[in-house]
Amino acid sequence: MKSISVKLWGLMLGLVFIALALIWCFQIVFLESFYFSIHEKKLLKEGANLVEMIKDNEEQYTIESKLNELLLKYNARIDLYTSNGVIIYSSESAPKSVGVDKNAFLMEIIENKKAISTFKQTNKGSLLLVGLPVIRENVMTAAVVMTVPVASLKETVDTLKEQFVIISLILISVSSILAYVFSKYFTKPILEINNAAKAMAEGNLSVKVSINTADELGMLAGTINHLSSKLQKIEQLRKELIANVSHEFKTPLSLIKGYAETIRDVESLNVDKRSKQLNIIIEESDKLNDMINEILDLSQIQSEYYKLNMTDFRINETIKAVVNRLNYHSENKKLHIKIDYVDDLWVYADERRIEQVLYNLLNNAINHSKQDYSIFIRTIDIDSKIIVEIEDQGDGIPSEEIPYIWDRFYKSRDASANHKGSGLGLAIVKGIMDAHILNFGVESEIGKGSKFWFEITKSA
Ligand SMILES: Nc1ncnc2c1ncn2[C@@H]1O[C@H](COP(=O)(O)OP(=O)(O)OP(=O)(O)O)[C@@H](O)[C@H]1O
Ligand SMILES: [Mg+2]
């Protein structure tokens, strides 16, 4: 495995070497030729000026001052020749151009009839020779030769080379240190995140990554932490569900087993008792069946892929149907169900699911009402929504319990012994309303009763 530190180190060294190579080229290899060519250009220009002055027959005084200027500025020795090579002027006090064959250079000017330049290496240093012909009406009349000593750059280049070695050493060590620091900075959190993910895969969901940087690694750490808390929550719910389901199943199963055993073992059982016990077995089996159906329903509603079957329907008809379905129970308790609704309201929702909501709420209201009590069902028209209320005069719900009644398997602690619910009804209501993205709630007061309500969207 090639680790990030090795890659980073390679990358940084690569960059350093490119930078050093560029510096080497420009500062050391080409320095001399840059310097010379700049010098050469300048002198060719000065020479051309001088030739113009000669051609224009300027006064001797002007030309002389120009020659003096060149002498001062460049330490240039200037010779003037006729077109056949006879010297006619030579600036005094200028350095002698020892060891240079000026004749050959002059012949070149005469032959080529154009400006030329060359460098000569003598034992006293470099010399730059610039020669220009003076041409009048296509006839060459004279030639100018400028001889300029050029300072050697050898020492400068040597100094630069020494500096270059030092700079290279500093850059390479600094980049190595930086690569090490950076790679530690990057790999440490990555390793930490990797370890956390591994631990999670092995079942330890409570791991947390402690990286608080605001960069992408911090983001990744945040996502891992979020994942761990989500998984923990799911795991917690799963455990609770299994515990609750097994608990709920135990009571009916033990009843069924107990009565079945009695019927098998006790031969003297009279027919009446026997059929009573068989009825209990059937009732408890039905209850188990209902519970399984509710659990399946709930997990279906709560799954992310659950699709609502949205249609337009008359809410009043649905309410009537639910009241009819529960008639048997409400009449048993001699309850008065009072319906007060706005006429002919069309709503848009999943009709079967809304019916389930109404059924669960009305069923609870009936269960928590005493003989001769009243239950009120209302529809209220508000803008684009309709609010459905189901109000009873029952026991009410303690305010500290209200947040939990929507949880699955939640049953009031002091629920009367004869209450045989499984605590899934309101969880199903919540699941259905959440799937519709509609509001719902309860207002309740101990001893006075409860009012459950939910919203539903009007048809367009
Ligand atoms: N109308 C009500 N009056 C008083 N308490 C209520 C009322 N409706 C619900 N509750 C309380 O909320 C709890 C949860 O209700 P939920 O409908 O979810 O379960 P359940 O009625 O016990 O069982 P299930 O509906 O699954 O048969 C109930 O046990 C009860 O304590
Ligand atoms: Mg219920």
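The values are calculated or read from the model by the stated rules, or taken from the named source; none is laboratory data. Not measured: the values here are computed from a predicted model. Neighbour counts are summed over all protein chains in view; Cβ atoms, including those assigned to glycine, are modelled from backbone coordinates with ideal geometry.
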> So which of Lys250, Lys276 ends up being within 24 Å of Ser299 (Cβ to Cβ) and free of Cβ contacts under 8 Å to residues at least 12 places away in the same chain?
Replying inline: Lys250
> Is region 318-331 home to any residue that is more than 22 Å from Arg408 (Cα to Cα) and not assigned by TED's automatic domain parsing to the domain that holds Asp350?
Replying inline: no
>> Name the single residue that is nearest to ligand 1 (Cβ to nearest atom) among those in region 345-369 being within 17 Å of Ser330 (Cα to Cα) and part of a loop (DSSP other than H, G, I, E, B).
In response: His368
> Before we move on, is Met140 surrounded by 13 or more Cβ atoms within 10 Å (Cβ to Cβ) and touching a residue at least 60 places away in the same chain (Cβ under 8 Å)?
Replying inline: no
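So that you can scan it fast, the table gives a plain yes or no per residue for (1) farther than 19 Å from Phe452 by Cβ; (2) modelled with pLDDT of 95 or more:
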| position | (1), (2) |
| --- | --- |
| Thr318 | no, yes |
| Lys333 | no, no |
| Leu345 | no, no |
| Tyr348 | yes, yes |
| Ile354 | no, yes |
| Val357 | no, yes |
| Ser374 | no, yes |
>> Given the criterion farther than 30 Å from Ile190 by Cβ, charged (D, E, K, R), out of contact with any Cys (no Cβ under 7 Å at 6 or more places or on another chain) and surrounded by 12 or more Cβ atoms within 10 Å (Cβ to Cβ), identify the matching residue among Glu235, Glu261, Glu240.
In response: Glu240
>> Filter region 437-460 down to the residues that are under 18 Å from Phe376 (Cβ atoms), small (Gly, Ala, Ser) and not in a strand (DSSP E or B) and list them by number.
In response: Gly447
> If you check Ser412, Ser384, Ser399, Ser422, which single one turns out to be of a type in the set (S, T, N, Q), touching a residue at least 24 places away in the same chain (Cβ under 8 Å) and within 14 Å of ligand 2 (Cβ to nearest atom)?
Replying inline: Ser422
> How about region 307-316: which of its residues are closer than 16 Å to Gln356 by Cα and surrounded by 12 or more Cβ atoms within 10 Å (Cβ to Cβ)?
Replying inline: Leu308, Met310, Thr311, Phe313, Arg314, Ile315, Asn316
> What residue, of Ile432, Ile456, is within 16 Å of ligand 2 (Cβ to nearest atom) and farther than 27 Å from Lys334 by Cβ?
Replying inline: Ile432
> From the set of residues in region 173-189 that are loosely packed, with under 15 Cβ neighbours inside 10 Å and among the β-branched types (Val, Ile, Thr), which is nearest to Ser229 (Cα to Cα)?
Replying inline: Val181
>> Tell me yes or no: at least one residue of region 390-403 is over 30 Å from Asp343 (Cβ atoms), crowded, with 17+ Cβ neighbours inside 10 Å, acidic (Asp, Glu) and near ligand 1 (Cβ under 9 Å from one of its atoms).
In response: yes
>> Against the definition (assigned by TED's automatic domain parsing to the domain that holds His436, part of a strand (DSSP E or B) and touching a Leu at 6+ places or on another chain (Cβ under 8 Å)), how does Asp372 come out, yes or no?
In response: no
> So which residues in region 350-381 are more than 16 Å from ligand 2 (Cβ to nearest atom), among the polar types (S, T, N, Q) and more than 21 Å from Met310 (Cα to Cα)?
Replying inline: Gln371, Ser374
> Here are some residues: Asn293, Asn244. Which one is in contact (Cβ under 8 Å) with a residue 60 or more places away in the chain, within 16 Å of ligand 2 (Cβ to nearest atom) and not in a loop (DSSP other than H, G, I, E, B)?
Replying inline: Asn244
> Looking at Ala19, Ala48, which one is in contact (Cβ under 8 Å) with a residue 24 or more places away in the chain and in contact with a helix residue (DSSP H, G or I) (Cβ under 8 Å, 6 or more places away or on another chain)?
Replying inline: Ala19
> Assuming Val347 fulfils every condition listed in (1) of a type outside the set (Gly, Ala, Ser); (2) surrounded by fewer than 21 Cβ atoms within 10 Å (Cβ to Cβ); (3) away from ligand 2 (no atom under 16 Å from the Cβ) apart from one, which condition is it?
Replying inline: (2)
